[in-house]
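The values are calculated or read from the model by the stated rules, or taken from the named source; none is laboratory data. Quick caveat: nothing in here was measured; it's all calculated off a predicted structure. Positions of Cβ are backbone-derived with ideal geometry, glycine not excepted, and every protein chain shown enters the neighbour counts. These area figures cover heavy atoms from the full protein model, side chains too; ligands, DNA and RNA do not enter into them. Shrake-Rupley method; radii C 1.70, N 1.55, O 1.52, S 1.80 Å.
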Amino acid sequence: MIVADHVTFQYADSSDPALKDISLKIGDRDFIGITGTSGAGKSTLAMALNGVIPHEFKGDFYGSVKIDGMDTVEHQVEDFCRKVGEVFQDIDSQMVASVVEDEILFGLENFGVSHEEIGARLEKALDDLGIAELRTREISSLSGGQKQKVAIAAILALEPQILVLDEPTGELDPESSREIFGLLRKLNEEKGITIVIVEQKIKLLCEYVKRLVVLDKGSLVFDDVPGEVITHIDMFKTLGINVPPVAELSHLLRLDGLWNGGITLTVTEAEKMVREVLHDPV
Amino acid sequence: MNLLNYVPGNSFLHRLNPITKLAAAFLYGIACILCDSIWMELAFIVLMIAICAAAGLGTRALRLTRNLLILGLFMFVLQLFFVRTGEALVTIGHFVLITTGGLTSALLLSLRVVATMLPLMLLFAITPMNDLCNALVKKAHLPYRYAFIITTAFRFVPLFSTEFHEIQDAQKARGVDFETKNILRKMQLVAPLCVPLLVSSLEKVNSSAISAEMRGFHLRSRQSGYKEYPFTGSDLLVFVLLLALVAFSAVFL
Ligand SMILES: Nc1ncnc2c1ncn2[C@@H]1O[C@H](COP(=O)(O)OP(=O)(O)O)[C@@H](O)[C@H]1O
Ligand SMILES: [Mg+2]
């Protein structure tokens with residue numbers, strides 16, 4: 001469990017805080033999405049959740065982040081970096097090895113997982129992400145989606161309770177993005193791993209996450225179930241966050257009093273809505 | 001294509017211990033340096049290509065040889081005009097341009113450069129950097145920190161070149177013409193790109209360090225490595241053969 005309490009953080013060479021008074025509770029088995037425009041502070045928040053901030057970045061840190069009761073400022077990174085694993089935004093530079101299996105072994109070796117256990121952990125991590133056949137491949141030869149899975153496997157092998165991912169689908173096509181979300185849901189449901197995902201794709205977030213946090217200029221503006229957050233379409237538009245056109249359509253129909261159902265997120269849902277509005281059943 | 005990347009495979013060369021490969025490449029190079037015969041240098045080059053061909057790396061060896069020959073040609077030209085021993089071969093009026101001594105020493109030097117460099121370059125084709133460093137940490141007690149720096153440097157070279165091309169493309173999109181043949185003009189265009197490249201490189205190195213740190217980098221010790229790199233009979237055989245080759249080259253060639 002992570003509890004962020006009135007967290008404010010300002011990078012050393014910056015004139016404005018990147019996070020302003022953020023309070024957030026992340027419970028066991030949660031599946032939380034964090035969204036917001038570029039520069040809203042999503043990466044900064046993600047890094048504050050596992051102590052990378054303030055340990056690895058200089059700046060002024062106020063408030064507290066507690067991981068299972070341990071204050072991140074008072075403890076060393078290695079005390080909690082296995083509990084809260086993070087896949088960072090820049091996928092290439094976080095890799096430490098050139099071959100897939102070496103990448104996954106790296107953390108296992110460092111944390112002194114016994115050599116009897118290490119092979120099994122490696123294979124399990126590969127299997128969990130369905131990349132067993134990539135084991136001996138060069139990372140540089142992999143596709144974006146495959147690299148992303150390798151990065152996740154490398155963290156997953158360390159058996160974290162909480163997995164933080166910073167825009168893992170940022171450079172992926174819609175199909176691979178969905179695949180990643182599907183994998184995360186599986187990890188969440190079957191292994192009980194808490195997932196915190198930074199993501200710009202509202203539609204995927206609404207479909208998969210249990211809770212959606214919206215940041216704007218370092219402040220937390222929403223923290224609720226996606227179905228509730230998405231009803232504030234006007235707010236999204238003022239913040240400059242893209243919402244699916246079908247969601248906007250249902251929103252406009254609601255404003256006009258023509259529709260009193262929920263916000264639609266898929267074309268199929270929207271079609272149903274439009275037919276209902278037009279009294280034109282299939 | 002990158003001529004220094006690893007070529008996956010399971011040939012007799014691939015299966016050797018990484019340390020054996022490194023030592024063998026150096027010993028072969030030493031043998032070439034000790035050798036003073038043009039024909040034997042040629043033989044060394046051909047032998048190296050043949051060994052690689054037998055391991056399925058023929059094309060890589062040939063392409064590397066071709067590239068090294070270009071370097072060799074440069075050395076050849078320099079040496080040709082600098083060494084002035086022996087008899088006059090080409091004269092312009094009273095001025096002796098090329099001598100027999102110049103020609104032989106230029107040929108020998110350039111072939112020697114090619115023969116010496118070839119095995120070292122081919123080392124990369126048969127050895128994943130990670131394995132080499134891990135083996136050096138385990139067997140040669142190289143501090144892991146250094147091993148990590150070496151592997152990281154190698155990994156980052158292609159990343160930087162992608163980065164450079166991305167920045168260049170962004171500039172092209174703004175109408176900067178990089179296709180110019182004029183070297184001075186080209187340098188003028190490329191120089192300003194170095195700053196953003198340096199900044200983003202430093203950022204990449206920093207985030208790489210953080211990622212390593214978050215996965216327990218500084219807890220690592222020499223015993224941490226999971227993979228073992230045992231020496232086998234074939235490693236011993238290779239050592240013996242190459243030491244013999246060096247001795248032979250030192251005494252007879
Ligand atoms: N290392 C840094 N040093 C100084 N300022 C930074 C650094 N990283 C991010 N920032 C600034 O902090 C703010 C939030 O950045 P970030 O958390 O990366 O946003 P997001 O991930 O939502 O795009 C931005 O204004 C950005 O310029
Ligand atoms: Mg970000």
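Based on what the data block shows, is B:ALA212 within 11 Å of chain A (Cβ to nearest Cβ), open to solvent by less than 50 Å² (accessible area, probe 1.4 Å) and within 24 Å of A:ALA157 (Cα to Cα)?
Yes; evaluated as a whole, the condition is true for this residue.
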Inset, instruction - Go through A:LEU205, A:LEU184, A:LEU239 for me and flag whichever is more than 14 Å from the chain's Cα centre (by Cα) and touching a residue at least 24 places away in the same chain (Cβ under 8 Å). - result: A:LEU239
Inset, instruction - For residues that are touching a Phe, Trp or Tyr at 6+ places or on another chain (Cβ under 8 Å) and assigned to a strand (DSSP E or B), tally how many sit in the stretch B:73-102. - result: 2
Inset, instruction - Run A:PHE80 past the list (1) out of contact with any Phe, Trp or Tyr (no Cβ under 8 Å at 6 or more places or on another chain); (2) within 14 Å of chain B (Cβ to nearest Cβ); (3) within 14 Å of ligand 1 (Cβ to nearest atom) and report the number of the one that doesn't hold. - result: (3)
Inset, instruction - Quickly run through the stretch A:253-282 and pick out the residues that are aliphatic (A, V, I, L, M), in a helix (DSSP H, G or I) and open to solvent by less than 90 Å² (accessible area, probe 1.4 Å). - result: A:LEU253, A:ALA270, A:MET273, A:VAL274, A:VAL277
Inset, instruction - Say whether the condition of being within 14 Å of another protein chain (Cβ to nearest Cβ) and either surrounded by fewer than 23 Cβ atoms within 10 Å (Cβ to Cβ) or in contact with a strand residue (DSSP E or B) (Cβ under 8 Å, 6 or more places away or on another chain) (or both) is met by at least one residue in the stretch B:95-116. - result: no
Legend entry - B:ALA153 touching a residue at least 12 places away in the same chain (Cβ under 8 Å), of a type in the set (Gly, Ala, Ser) and under 30 Å from B:ILE19 (Cα atoms): no
Inset, instruction - Take the residues in the stretch B:126-162 that are touching a Cys at 6+ places or on another chain (Cβ under 8 Å) and more than 11 Å from chain A (Cβ to nearest Cβ), then tell me which one is modelled with the lowest pLDDT. - result: B:ILE150
Inset, instruction - Check A:ILE53 against each of (1) within 15 Å of the chain's Cα centre (by Cα); (2) within 11 Å of ligand 1 (Cβ to nearest atom); (3) within 14 Å of chain B (Cβ to nearest Cβ) and name the one condition it does not meet. - result: (1)
Legend entry - Matching residues in the stretch A:97-120 - criterion: being open to solvent by 20 Å² or more (accessible area, probe 1.4 Å) and under 20 Å from B:PHE156 (Cβ atoms): A:SER98
Inset, instruction - Specify the residue that is farthest from ligand 1 (Cβ to nearest atom); the eligible residues are those in the stretch A:6-24 that are of a type in the set (D, E, K, R) and modelled with pLDDT of 95 or more. - result: A:ASP21
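Considering the stretch A:179-192 alone, what residues qualify as being in contact with a Phe, Trp or Tyr (Cβ under 9 Å, 6 or more places away or on another chain) and either open to solvent by 10 Å² or more (accessible area, probe 1.4 Å) or not aromatic (Phe, Trp, Tyr) (or both)?
A:GLY182, A:LEU184, A:ARG185, A:ASN188, A:GLU189
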Legend entry - Selection status of A:LYS217, touching a residue at least 12 places away in the same chain (Cβ under 8 Å), more than 16 Å from ligand 2 (Cβ to nearest atom) and basic (Lys, Arg): no
Legend entry - Matching option when the condition is more than 29 Å from B:PHE154 (Cα to Cα) and away from ligand 2 (no atom under 16 Å from the Cβ), among A:ILE67, A:ILE34: A:ILE67
